[in-house]
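Beneath this line is the structure, given in structure tokens, with notes to follow.
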Amino acid sequence: MNDTLQSPVPAGRSFNDLPLSPAMQANLLQLEYLNMTPIQAASLPIALAGHDLIAQAKTGSGKTAAFALPLLTRLNPRRFAVQAMVLCPTRELADQVTQEIRRLARAEDNIKILSLVGGSTMRPQMASLEHGAHIVVGTPGRIMDHLVRGSLDLTALNTLVLDEADRMLDMGFFDDMAYIADHCPLDRQTLLFSATYPEGIKRLARQFMRNPQEVKLKELHEGSKIRQRFYEVKHDERLQAVATLLKHYRPISTLAFCNTKQQCRDLLGILRGQGFHALTLNGDLEQRERDQVLIQFANRSISVLVATDVAARGLDIAQLEAVINVDVTPDPEIHIHRIGRTGRADEDGWAFSLCSPSDKRRVATIAQMMGSDPEWHTLGSLQSNDDSPLIPPMVTLQILGGRREKIRPGDVLGALTGEAGFTREQIGKITVTDQTTYVAVVRNIAADAVRKLSAGKIKGKTLKVRALRD
Ligand code: ADP
Ligand code: MG
């Protein structure tokens, strides 16, 4: 591997200097992508020139556009064959990537992007493939299934993307990825994106990349908006300390990382017992329940999401005021990755870590890697100046009808702001899934909104509506 590029890369360069079509430039402007993010500035010139690329950067750094723009530039919309394929570790990440590519692809008419993930039946996917897709985004297992059955033809493929490659390795997808890469044409371009750089990535690169160039963006900690504080706790104070931090700092949205599932369950019990609106993400949830938890967290109707690294990895949550490390992880890269989720988009963010005396060595390693001295604080210094419970600003309403009923976000917004008489400012995020629609509304109108939506019609139909438990 050659040409390792180390940060700091000049950020804030415009997309104008890139060889992109005027329609794409206009679309980027419309999406308010005014400047490239650092990973985009570092990767796009290499990827648009056709080189294989290994890019390492944290979640939320804009990696999707860094591979989507090159693959869209190369795409021939008049050729009805799969020309690009993106492998993602989970269904949610595949959905996020599909949505982001759709937005970026608006510049061109009629680009078909198909998501091939587990959890839905094969047959409709096979039918969609027969109708022709230009881009497929999928999880390795499901893509494998299609290759084995012969329902996915990759002979016209010119770009293969491995997104969150480290996570796919963690999930044991090495062999599937190798099988899939073997079924792609040799003269393709391969783009690999990863948040960390474990040994397995080098193996992947040796096995199926051609002279890849490497771009690595170290976290920029100086001037970062993340305020990091370490609290020393005794082992048995740890979970209560989370509640103490929440009462003192009162963040609207907090992601609390635990090292084990059992710790997640214990912490959830304590927080809910003290009246916090908290939910957890774990592998035991059904996909639909998981989606609901994520929607409620992203639209600010729960205050705390308790999760393990595996459960929370890669999720793109925009406004996050605080991250709490209930335990310090032994791996400094994971620590940096965890806290990098807050303080994004120029907002300030808190990162709190609870450490027992035996964790202190871990903190020393982290501090060394980040090149800064840890800021130690004591729990005793925290008192809540405000004893009122921490209440999330929004409530999620669930409407039993979705894409299948041809419901669009505008229909729901229309129903709420029309006859029901609410204002645009009282309505938050609207998420439409296949069978269900979720809309966040400010807490004090929730009951009224449920009543009015249930009594009225959406898209000409009377639909069941209820407020989700939080
Ligand atoms: P990653 O894959 O690195 O986690 P994403 O590609 O999901 O990050 O991007 C994170 C968010 O930033 C998305 O909401 C995306 O729309 C937005 N974004 C990406 N690039 C830009 C840009 N150049 N300007 C403004 N917003 C951007
Ligand atoms: Mg991503």
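Where nothing but the Cβ of Lys and Arg (+1) and of Asp and Glu (-1) is charged, how large is the charge dipole of the range 317-470 around its Cα centre, in debye to the nearest 20? Don't skip to the end; give the middle numbers.
Details: 21 positive and 19 negative charges, 257 e Å.
The calculation lands at about 1240 debye.
Report the relative contact order of the range 325-449, percent, no decimals, based on alpha-carbon pairs under 8 angstrom and at least 6 residues apart.
Values: 126 pairs, mean separation 26.5, N = 125.
The value is 21 percent.
Towards the positive end of the charge dipole of the chain, with charges on Cβ (+1 Lys, Arg; -1 Asp, Glu), say which of Leu154, Ala133, Pro389 has the farthest Cα.
Ala133
Answer with one residue from Gln262, Thr462, Ala165: the one whose Cα lies farthest towards the positive end of the charge dipole of the chain, charges on Cβ with Lys, Arg +1 and Asp, Glu -1.
Towards the positive end, the residue furthest out is Thr462.
If we count other beta carbons within 10 Å of each Cβ, what is the order of Cys88, Cys264, fewest first?
Cys264, Cys88
Ranking Trp376, Trp350 by Cβ neighbours within 10 Å, fewest first, what do you get?
Working: Trp376 12, Trp350 20.
Lowest to highest Cβ neighbour count: Trp376, Trp350.
Quote the convex hull volume per residue of the range 394-467, based on C-alpha atoms, as a whole number of Å³.
Numbers: hull volume 5.0 nm³, N = 74.
Normalising the Cα hull of the range 394-467 by residue number yields 67 Å³.
In nm, what is the difference between 0.36 nm times the number of residues separating Ala447 and Lys406 and their Cα-Cα distance? Display every interim value, and only then the final one.
Values: separation 41, 0.36 × 41 = 14.76 nm, distance 2.53 nm.
Value of the extension gain: 12.2 nm.
By how many nm would the segment from His131 to Gln274 grow when fully extended, if each residue of separation counts as 0.36 nm and the alpha-carbon distance is taken off?
My answer for the length gained is 46.1 nm.
Quickly rank 196-206, 429-439, 297-307 as a protection proxy: mean count of other C-beta atoms within 10 Å, highest first. List each step's numbers first, then the result.
Values: 196-206: 15.2, 429-439: 19.3, 297-307: 24.6.
Taking the mean over residues of other Cβ atoms within 10 Å, the ranking is 297-307, 429-439, 196-206.
Lysines within cross-link reach of Lys63: Cα-Cα under 16 Å, excluding same-chain residues under 8 positions apart?
Lys216, Lys218
Quick one: which of 74-80, 133-139 comes out on top by average Cβ neighbours within 10 Å, and what's the full order, highest first? Present the calculation step by step, with values, prior to reporting the outcome.
Details: 74-80: 12.9, 133-139: 25.4.
Peptide ranking by packing, descending: 133-139, 74-80.
Could you work out how far apart the two model spin labels at His183 and Asn76 are, taking each label as a point 7 Å from the Cα in the direction of the beta carbon, and quote it in nm?
Each label point is offset 7 Å from its Cα along the Cβ direction, giving 2.3 nm.
To the nearest 20 Debye, how big is the dipole of the range 92-245 about its Cα centre, given +1 on the beta carbon of each Lys and Arg and -1 on that of each Asp and Glu?
Details: 20 positive and 23 negative charges, 55 e Å.
Using Cβ point charges on Lys, Arg, Asp and Glu, the range 92-245 gives about 260 debye.
Which net charge results when you count Lys and Arg as +1 and Asp and Glu as -1 among the other residues whose beta-carbon is under 14 Å from that of Pro393? Walk me through the numbers before you get to the answer.
Working: positive: Arg250, Arg300, Lys429, Arg443; negative: Glu321, Glu425, Asp470.
Once all neighbours under 14 Å are counted, the net charge is +1.
Out of all DSSP beta bridges in the chain, what portion is antiparallel? Express it as a percent rounded to 5.
Of those bridges, close to 20 percent are antiparallel.
Would you mind ranking Thr159, Thr417, Thr396 by Cβ crowding within 10 Å, fewest neighbours first? Don't skip to the answer; put the middle values down first.
Values: Thr159 24, Thr417 15, Thr396 27.
If I rank by nearby Cβ atoms, fewest first, I get Thr417, Thr159, Thr396.
Within the range 4-216, what percent of beta bridges assigned by DSSP are antiparallel, to the nearest 5?
Antiparallel: roughly 5 percent of the beta bridges in the range 4-216.
Given the rule -39500 (n - 2.57) for each run of at least 4 DSSP H residues, summed and divided by the residues of the chain, what is its mean residue ellipticity at 222 nm, to the nearest 500 deg cm²/dmol?
Numbers: 17 runs with 171 residues, N = 470.
Roughly -10500 deg cm²/dmol at 222 nm, from the helical runs in the chain.
Taking the alpha-carbon distance from Lys459 and a cut-off under 22 Å, which lysines remain once sequence neighbours fewer than 8 residues away in the same chain are dropped?
Partners found: Lys406, Lys429.
Please list the non-local residues whose amide H lies under 5 Å from the amide H of Leu116, H modeled 1.01 Å from N, same-chain partners needing a gap of 5 or more.
Val137, Gly138, Thr139
What dipole magnitude, in Debye to the nearest 20, does the chain give about its Cα centre under +1 on Lys/Arg Cβ and -1 on Asp/Glu Cβ? Provide the component values of the computation, followed by the final result.
Details: 57 positive and 53 negative charges, 262 e Å.
Its charge dipole is roughly 1260 debye.
Values in this text are rule-based calculations from the coordinates and carry no lab data. From a predicted model like this one, the values you see are computed outputs, not experimental measurements. Backbone-built Cβ (ideal geometry, glycine too); neighbour counts: all protein chains shown.
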